[in-house]
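Since the structure comes first, as C-alpha cells, the remarks are kept for the end.
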Amino acid sequence: MKIKYKQKIVTFGGGTGHFHLLNGLRELNETSLISAVVSCWDSGGSSGRLRTELGVLPPGDIRRCLLALMEDPEQQRVAQRLFDDRLQDLNGPLKGHSFGNLLTARLDNIYKGQDRGIDSERALFRVKAKIMPVSVSDVNLVAETLRGVKVVGETHIDLRGNEKGYDPQDKIVRIYFDTRADVNPQVLGAVKNADKIVFAPGDLYTSILPHLLVEGVKEAILQSKAKLVFVLNLCTKKGETEYYRASDYLKALLFYLDQTKRKITVIANDRRFDPEVVEIYKGVGQELVSVDEKECDKLFPNIEIIKAKVGKYFSKEHLIRHDSENLAEAILSV
C-alpha cells in the first residue's frame with residue numbers, strides 16, 4: 001500500500017493535463033485535502049453549447065476532475081465510459097452532448113447553484129476532494145496577437161493554429177476577459193490555507209494563465225505562504241507556444257502573476273523519448289519544450305527547476321503525456 005502524503009494542495013488547470021495531475025495526487029495524497037480549481041471560459045463543444053443554451057458554466061473541466069478524483073478504479077472506468085458517451089445514437093438536440101456534461105448541468109439546475117450542483121455530484125460519486133470553478137461569472141476569453149488581431153473565445157484561440165493562412169510569427173501577446181470575472185470565495189479560502197499551489201500542465205493561454213485574470217486570484221496567491229509549483233508542459237502547442245522554451249513559459253507566468261520575487265518551483269521532464277515519436281510530433285507543429293536552465297537562472301533568480309521523469313509515451317494511444325504518479329511524487333516531495 002502506498003504511503004499517503006497529507007498536504008493541502010490547490011491545483012489550477014483545465015483539460016487533459018489537469019486530469020493527469022489530479023489522477024496522481026489522488027493516489028499519493030489524502031484526497032480530502034485536494035482542491036481542484038477549474039476554468040469557466042470554455043466556449044466549444046458540448047460545454048460551449050450547454051453554456052449558451054442553458055446559461056450554466058461550462059461543465060467539461062468539472063467532469064474531468066470528478067473522474068480523476070474517483071478513488072475506486074472500477075468506478076472510475078465505468079464512469080469514464082458513461083461521462084464520455086456523446087449520445088450519437090440519439091436524434092434531436094441531445095445528440096453530440098457528453099452525458100457527463102448533461103449530468104453536471106442538470107444537477108446544477110436541480111440544486112440551484114454551481115457549487116451546490118458540484119457538491120451533489122461529488123456526493124453521488126463519493127469524491128472527497130473539493131472541485132470549484134475559479135469564478136461563476138459568464139466571461140469570454142480574448143487573445144490579442146503581435147499584429148493586433150483579436151481572437152474571441154477559448155475555442156477559437158485553441159484552434160487558431162489550424163486556420164488557413166495561420167502565421168506562427170503572429171504570436172499571442174495578451175489575453176483578457178471581455179468583462180469582469182469575480183472570484184469564487186471558496187477559491188480564496190482554499191488558497192489561503194494551502195500548503196502547495198500547483199499550476200497544472202495544460203494550454204498556457206487558454207487553460208492556465210486565464211485563472212490569474214480573475215479578480216483576487218493573483219493577489220491571494222501572492223499573499224499565501226504556500227509553496228508555488230509550476231508544471232512545465234512537455235510539448236509546445238501550435239497557435240499558442242511555438243518555439244517556447246522554459247524561460248518563455250516563465251516570462252508569461254510571471255507577467256500575469258505580476259511578480260518576480262515570489263519563489264516558484266518548476267517541475268520539468270527529463271525523460272527521453274524515441275526520436276521517431278519526437279519527429280511525429282514535429283510533423284504536427286509540436287516540439288518538446290527545451291529547458292534552458294542558464295537563461296532561467298539569469299532572468300529569474302527565485303526560480304528553482306526540478307527535473308524528473310514526469311513524461312511518458314503511451315504507445316496504445318501514440319501520445320506523449322505526463323506520468324500521473326511520477327508527476328505527483330515530484331510535486332509532493334518538493
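Please work out which residue is farthest from R160 (Cα to Cα), limiting yourself to the range 230-285 and to residues that are among the acidic types (D, E) and touching a residue at least 60 places away in the same chain (Cβ under 8 Å).
Step one: of the range 230-285, the residues among the acidic types (D, E) are 240, 242, 248, 258, 270, 274, 276, 279.
Right, trim to touching a residue at least 60 places away in the same chain (Cβ under 8 Å) and you get 240, 242.
Numbers: E240: 8, E242: 12 Å.
My answer is E242.
Let's see how each residue does on (1) of a type in the set (S, T, Y); (2) over 23 Å from V37 (Cβ atoms); (3) surrounded by 17 or more Cβ atoms within 10 Å (Cβ to Cβ); (4) in contact with a His (Cβ under 7 Å, 6 or more places away or on another chain):
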{"site": "P210", "(1), (2), (3), (4)": "no, no, yes, no"}
{"site": "L222", "(1), (2), (3), (4)": "no, no, no, no"}
{"site": "Y244", "(1), (2), (3), (4)": "yes, yes, yes, no"}
{"site": "L250", "(1), (2), (3), (4)": "no, no, yes, no"}
{"site": "T265", "(1), (2), (3), (4)": "yes, no, yes, no"}
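When you scan the range 192-201, how many residues do you find that are in contact (Cβ under 8 Å) with a residue 40 or more places away in the chain and surrounded by fewer than 24 Cβ atoms within 10 Å (Cβ to Cβ)?
Step one: of the range 192-201, the residues in contact (Cβ under 8 Å) with a residue 40 or more places away in the chain are 193-201.
Cutting the leftovers down to surrounded by fewer than 24 Cβ atoms within 10 Å (Cβ to Cβ) gives us 193-197.
Total satisfying the criteria: 5.
Against the condition of a type outside the set (K, R), in the same structural domain as I172 (by TED's automatic domain parsing) and in contact with a His (Cβ under 6 Å, 6 or more places away or on another chain), how does H318 come out, does it pass? Steps first, answer last, please.
Numbers: of a type outside the set (K, R): yes; in the same structural domain as I172 (by TED's automatic domain parsing): yes; in contact with a His (Cβ under 6 Å, 6 or more places away or on another chain): no.
The answer is no for H318.
Within the range 295-332, count every residue that is part of a loop (DSSP other than H, G, I, E, B) and of a type outside the set (G, A, S). Steps first, please.
So the first thing to find is which residues in the range 295-332 are part of a loop (DSSP other than H, G, I, E, B), and the list is 300-302, 309-310, 315-318, 323.
Cutting the leftovers down to of a type outside the set (G, A, S) gives us 300-302, 309-310, 316-318, 323.
Adding up the residues that qualify gives 9.
Here is a yes/no grid of residues against (1) in a strand (DSSP E or B); (2) closer than 30 Å to Y5 by Cα; (3) more than 13 Å from the chain's Cα centre (by Cα):
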{"site": "G202", "(1), (2), (3)": "no, yes, no"}
{"site": "P210", "(1), (2), (3)": "no, yes, no"}
{"site": "I221", "(1), (2), (3)": "no, yes, yes"}
{"site": "F230", "(1), (2), (3)": "yes, yes, no"}
{"site": "K237", "(1), (2), (3)": "no, no, yes"}
{"site": "Y243", "(1), (2), (3)": "no, no, yes"}
{"site": "D248", "(1), (2), (3)": "no, no, yes"}
{"site": "F255", "(1), (2), (3)": "no, no, yes"}
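Just the residues that are part of a strand (DSSP E or B) and either over 30 Å from K171 (Cα atoms) or charged (D, E, K, R) (or both), please, taken from the range 130-146. So that I can check it myself, show each step before the final result.
Within the range 130-146, the first condition is being part of a strand (DSSP E or B), and the residues that meet it are 130-133, 135, 141-145.
Within the range 130-146, K130, I131, M132, E144 qualify.
Being more than 23 Å from L327 (Cβ to Cβ) and of a type in the set (D, E) is the filter; apply it to the range 267-288 and report the residue that is surrounded by the fewest Cβ atoms within 10 Å (Cβ to Cβ).
Restricting attention to the range 267-288, the residues satisfying the condition of being more than 23 Å from L327 (Cβ to Cβ) are 275-276, 279, 282-285.
Checking which are of a type in the set (D, E) leaves us with 276, 279.
On the way: E276: 7, E279: 9.
Out of the qualifying residues, it is E276.
Can we say D167 is of a type in the set (D, E), surrounded by fewer than 17 Cβ atoms within 10 Å (Cβ to Cβ) and outside any strand (DSSP E or B)?
Details: of a type in the set (D, E): yes; surrounded by fewer than 17 Cβ atoms within 10 Å (Cβ to Cβ): yes; outside any strand (DSSP E or B): yes.
In short, yes.
Do we have any residue at all in the range 259-275 that's on the phi > 0 side of the Ramachandran plot and either in the same structural domain as H322 (by TED's automatic domain parsing) or not hydrophobic (A, V, I, L, M, F, W, C) (or both)? Working first, answer last.
First, the residues of the range 259-275 that are on the phi > 0 side of the Ramachandran plot: none.
No, the conditions are met nowhere in the range 259-275.
Of the residues in the range 88-113, how many are surrounded by 13 or more Cβ atoms within 10 Å (Cβ to Cβ) and closer than 23 Å to Q76 by Cβ?
Matching residues across the range 88-113 total 12.
Please enumerate the residues belonging to the range 292-314 that are in contact with an Asp or Glu (Cβ under 8 Å, 6 or more places away or on another chain) and within 20 Å of C235 (Cα to Cα). If you could, list the steps in order and put the result at the bottom.
Here is the first cut: in the range 292-314, the residues in contact with an Asp or Glu (Cβ under 8 Å, 6 or more places away or on another chain) are 303, 305, 307-313.
Within the range 292-314, I305, K307, A308, K309, V310, G311, K312, Y313 meet the criteria.
From the list K312, K316, exactly one residue is surrounded by fewer than 18 Cβ atoms within 10 Å (Cβ to Cβ), among the basic types (K, R) and either free of Cβ contacts under 8 Å to residues at least 60 places away in the same chain or over 30 Å from N184 (Cα atoms) (or both). Which is it? Give the derivation first.
Values: K312 fails: surrounded by fewer than 18 Cβ atoms within 10 Å (Cβ to Cβ).
Checking each option against the conditions leaves just K316.
Condition check ((1) of a type in the set (V, I, T); (2) more than 29 Å from K112 (Cα to Cα); (3) at pLDDT 95 or above) across all residues:
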position: V134; (1), (2), (3): yes, no, yes
position: L159; (1), (2), (3): no, yes, no
position: I172; (1), (2), (3): yes, yes, yes
position: F177; (1), (2), (3): no, no, yes
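The values are calculated or read from the model by the stated rules, or taken from the named source; none is laboratory data. Please read all numbers here as calculations on a predicted model, not as lab measurements. Using ideal geometry, Cβ is built from the backbone for each residue, glycine included, and neighbour counts are taken over all protein chains shown.
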